[in-house]
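Data block below; observations after.
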Amino acid sequence: MARAYYSTVFDNPATRVWAAVRDFGNYRLWLDEVNESEVEEGRPGDAVGAVRRVRIGDTLIRQRLLAHSDLERCYSYEFCGTPRFPVRHYIATIRVTPIVDSDRAFIEWSASFDCAADEHEHWTGFFAKSFATWLSALRRHLSA
């Protein structure tokens, strides 16, 4: 099993960061490259089992919310169907933790998945870099 991981610190309170990311269907709010993001069948963005449809250019991605916790400020999701990447059993988690002594937030985004052994380094690096890019977009959104 491969694991991609990225973490960073935001100069925003954890409650504010979580408010921006907690709605699974709200990807478009803070991710620049997303053309469309919505939860199918009108389900709320915090309903476990909800399916998010994301369009980036001509690429359509569908993901299912597996777990959601306002108390722990985290959620996990998987791809629906065959992902556009040659990985299997992909499960990602984003978590926002308060840094108490400075009212900032520690954000972690990770994914575990299976892939061909000779592609392990490529895909762990790819997803970690993607998480870094997406969290940079979130940082810009919160600074605006």
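The values are calculated or read from the model by the stated rules, or taken from the named source; none is laboratory data. No experiment lies behind these values; they were computed from the predicted model shown. Here the Cβ positions follow ideal geometry from the backbone for every residue, glycine too, while neighbour counts run over all protein chains shown.
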Report task. Please specify each residue of the stretch 26-53 satisfying the condition of being touching a Leu at 6+ places or on another chain (Cβ under 6 Å) and part of a loop (DSSP other than H, G, I, E, B). Result -> 48, 50
Report summary line: The condition of being under 16 Å from residue 22 (Cα atoms) and modelled with pLDDT of 95 or more holds, among 97, 124, only for 97
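Table: residues versus (1) over 13 Å from the mean Cα position of the chain (by Cα); (2) polar (S, T, N, Q); (3) over 22 Å from residue 137 (Cβ atoms).
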residue: 7; (1), (2), (3): no, yes, no
residue: 21; (1), (2), (3): no, no, no
residue: 28; (1), (2), (3): no, no, no
residue: 41; (1), (2), (3): yes, no, yes
residue: 59; (1), (2), (3): yes, yes, no
residue: 74; (1), (2), (3): no, no, no
residue: 79; (1), (2), (3): no, no, no
residue: 100; (1), (2), (3): yes, no, yes
Query raised in the report: If only one of 90, 77, 5 is out of contact with any Asp or Glu (no Cβ under 9 Å at 6 or more places or on another chain), aromatic (Phe, Trp, Tyr) and within 25 Å of residue 113 (Cα to Cα), which one is it?
Result: 77
Requested in this report: Please determine, by comparing only the residues of the stretch 88-101 that are touching a residue at least 60 places away in the same chain (Cβ under 8 Å) and surrounded by fewer than 20 Cβ atoms within 10 Å (Cβ to Cβ), which one is nearest to residue 53 (Cα to Cα).
Outcome: 89
Report task. Go through the residues of the stretch 27-39 one by one and say whether even a single one is surrounded by fewer than 18 Cβ atoms within 10 Å (Cβ to Cβ), basic (Lys, Arg) and modelled with pLDDT under 90. Result -> yes
Query raised in the report: Which condition breaks for residue 81 when tested against (1) without any contact (Cβ under 8 Å) to a residue 40 or more places away in the chain; (2) crowded, with 18+ Cβ neighbours inside 10 Å; (3) of a type outside the set (S, T, N, Q)?
Result: (2)
Query raised in the report: Which condition number does residue 51 fail, the rest of (1) over 18 Å from residue 134 (Cβ atoms); (2) in contact with a Phe, Trp or Tyr (Cβ under 6 Å, 6 or more places away or on another chain); (3) β-branched (Val, Ile, Thr) being met?
Result: (2)
**Report entry** Of the criteria (1) modelled with pLDDT under 95; (2) under 21 Å from residue 28 (Cβ atoms); (3) among the charged types (D, E, K, R), which one residue 64 fails
**Finding:** (1)
Report task. Name the residue, out of 64, 139, 52, 104, that is without any contact (Cβ under 8 Å) to a residue 40 or more places away in the chain, under 16 Å from residue 20 (Cβ atoms) and surrounded by 15 or more Cβ atoms within 10 Å (Cβ to Cβ). Result -> 52
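Inspect all residues belonging to the stretch 113-127 and state whether any of them is surrounded by fewer than 16 Cβ atoms within 10 Å (Cβ to Cβ), touching a Ser or Thr at 6+ places or on another chain (Cβ under 6 Å) and either basic (Lys, Arg) or touching a residue at least 24 places away in the same chain (Cβ under 8 Å) (or both). It would help to see each step written out before you state the result.
Going through the stretch 113-127, the residues surrounded by fewer than 16 Cβ atoms within 10 Å (Cβ to Cβ) turn out to be 114, 116-122, 125-126.
Then drop every residue that is not touching a Ser or Thr at 6+ places or on another chain (Cβ under 6 Å), which leaves none.
Among the residues of the stretch 113-127, not one is surrounded by fewer than 16 Cβ atoms within 10 Å (Cβ to Cβ), touching a Ser or Thr at 6+ places or on another chain (Cβ under 6 Å) and either basic (Lys, Arg) or touching a residue at least 24 places away in the same chain (Cβ under 8 Å) (or both), which makes the answer no.
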